[in-house]
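Here the structure comes first, spelled out in structure tokens, and everything after it is commentary.
The values are calculated or read from the model by the stated rules, or taken from the named source; none is laboratory data. Everything numeric here is computed off the predicted structure, so don't read it as measured data. Here the Cβ positions follow ideal geometry from the backbone for every residue, glycine too, while neighbour counts run over all protein chains shown. Side chains included, ligands, DNA and RNA excluded: accessible areas come from the protein's heavy atoms. Shrake-Rupley method; radii C 1.70, N 1.55, O 1.52, S 1.80 Å.
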Amino acid sequence: MAFSATDKAALNRNWFTITSLVTKDFKLKYRRSVLGIAWSVLNPLLMMCVLSAVFSTFFRFQIENFPLYLILGNTIFSLMADSTSSAMSSIIDSAPLIKKIRIEKLIFPLEKVLFTLVNFVISLIAVALVMLFFRIVPTWNLLLLPLLILYVTIFSAGIGLILATLAVFFRDVLHFWSVIITAWTYATPLFYPVDILPDWMLAFETFNPMYHYVTYFRDIALWGNTPGVGENLVCLGMALVMLVLGLVVFKKNEKKFILYV
């Protein structure tokens, strides 16, 4: 289906707005920061060191290259957690602008997801450094990383749209989501091996999207495995279902936002 000149102009305008907001958020995040962008690299490294020390000492999980196992799981999970949390409050935070001018409201949650994506890409430097330290030779499977990032970004955008909508009408969602993220963190094998789980939890992981995305990342970066067509379809399917659901919920309610923000 061909786009009209008006549609193209609207798309260009919205894209310009999104990129401008991402640039503004990027500058605000690192303003007056001594470490600046380097913090996006140091943060996952420091978290990896702390968690590695704790779980290696007290729980003694026998996982080869455990620090890399940790940082791979944490970084991809953080992409989802950080982007959805930011998108959740995007409409509320943009209330002054929404009240003043007519603007596509979908821009705000999507911009937060893209901003988090930029920080995630920077954090991949930390992953590369850990791979170098443990002498993990990258295989061609790592070329599938952009595909994984696309899956997680689409999935996160869908959740972000739902949360942004709910937060407008129910402010308690802003607090409740942090509890959900904490529970989701422990329900996903980020810092423990999946084989310690009982059978009923293993069955649960089949329906846990982040388990699939975390495993996908470890397959291509740590274990040198190639995710099959079936696994790719599962990852894509979960992402698309969540995106469609998010768009439906958001579009159905966006005209009411101005009455509640």
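For the Cα atoms of the chain, what angle does the longest principal axis make with the long axis of helix 107-133, in degrees from 0 to 90, nearest 10?
Computed tilt is about 20 degrees.
Send over a whole-number figure in Å² for the accessible area per residue of segment 5-260, probe 1.4 Å.
Dividing the accessible area of segment 5-260 by its residue count gives 54 Å².
With an 8 Å cut-off on Cα pairs and a minimum separation of 6 or more residues, tell me the relative contact order of the chain in percent.
Normalised by residue count, the contact order of the chain is 27 percent.
For the chain, what is the largest minus smallest coordinate of the Cα atoms on each principal axis, given in angstrom and ordered from greatest to least?
Projected onto the principal axes, the Cα atoms of the chain cover 57, 45, 41 Å.
Within 10 Å, count the other beta carbons around each residue, average over each peptide in 105-113, 131-139, and list them highest first.
So the order, starting with the most tightly packed, is 105-113, 131-139.
Mind checking which of 159, 18, 196 has the largest fluctuation in a GNM of the chain, springs on alpha carbons under 10 Å?
196
May I have the count of lysine pairs in the chain with C-alpha atoms under 14 Å apart, counting pairs 8 or more residues apart or located on different chains?
The number of close lysine pairs in the chain is 9.
May I ask for the net charge around residue 180, where only other residues with Cβ less than 15 Å from the Cβ of residue 180 are counted and Lys, Arg are +1 while Asp, Glu are -1?
Surrounding charge for residue 180 is -2.
Let me have the 222 nm mean residue ellipticity of the chain computed from DSSP H runs of 4+ only, each contributing -39500 (n - 2.57), with the sum over all residues rounded to the nearest 500.
Value at 222 nm, helices only, nearest 500: -23500 deg cm²/dmol.
With +1 assigned to the C-beta of every Lys and Arg and -1 to the C-beta of every Asp and Glu, and no other charges, what is the dipole magnitude of segment 5-260 about the Cα centre in debye, to the nearest 20?
Taking the Cα centre of segment 5-260 as origin, the dipole is about 1280 debye.
For residue 111, what charge total do you get from the other residues with a beta carbon under 10 Å from its beta carbon, if Lys and Arg give +1 and Asp and Glu give -1?
With Lys, Arg at +1 and Asp, Glu at -1, the neighbours total +1.
Once you list every other residue whose beta carbon is under 14 Å from the beta carbon of residue 20, what net charge do they have if Lys and Arg are +1 and Asp and Glu are -1?
Net charge around residue 20: +1.
For residue 179 and residue 97, FRET efficiency with R0 = 35 Å and r from the beta-carbon atoms, rounded to 0.05?
0.75
Taking the chain as a Gaussian network, Cα atoms linked when under 10 Å apart, which of 50, 121, 249 shows the biggest mean-square fluctuation?
Between 50, 121, 249, it is 50 that shows the largest mean-square fluctuation.
Largest first and in whole Å, give the semi-axes of segment 207-261's equivalent ellipsoid, each being the square root of 5 times a Cα gyration tensor eigenvalue.
The three semi-axes for segment 207-261 are 35, 12, 7 Å.
Cα axis of helix 209-218 to longest principal axis of the chain: angle in degrees, 0 to 90, nearest 10?
Approximately 50 degrees, to the nearest 10.
Can you give me the % of accessible surface on the chain that is carbon or sulfur? Probe 1.4 Å, all protein chains present, nothing else counted.
69
For helix 145-169, what angle does its Cα long axis make with the longest principal axis of the chain, in degrees from 0 to 90 and rounded to 10?
Compared with the principal axis, the helix lies near 50 degrees.
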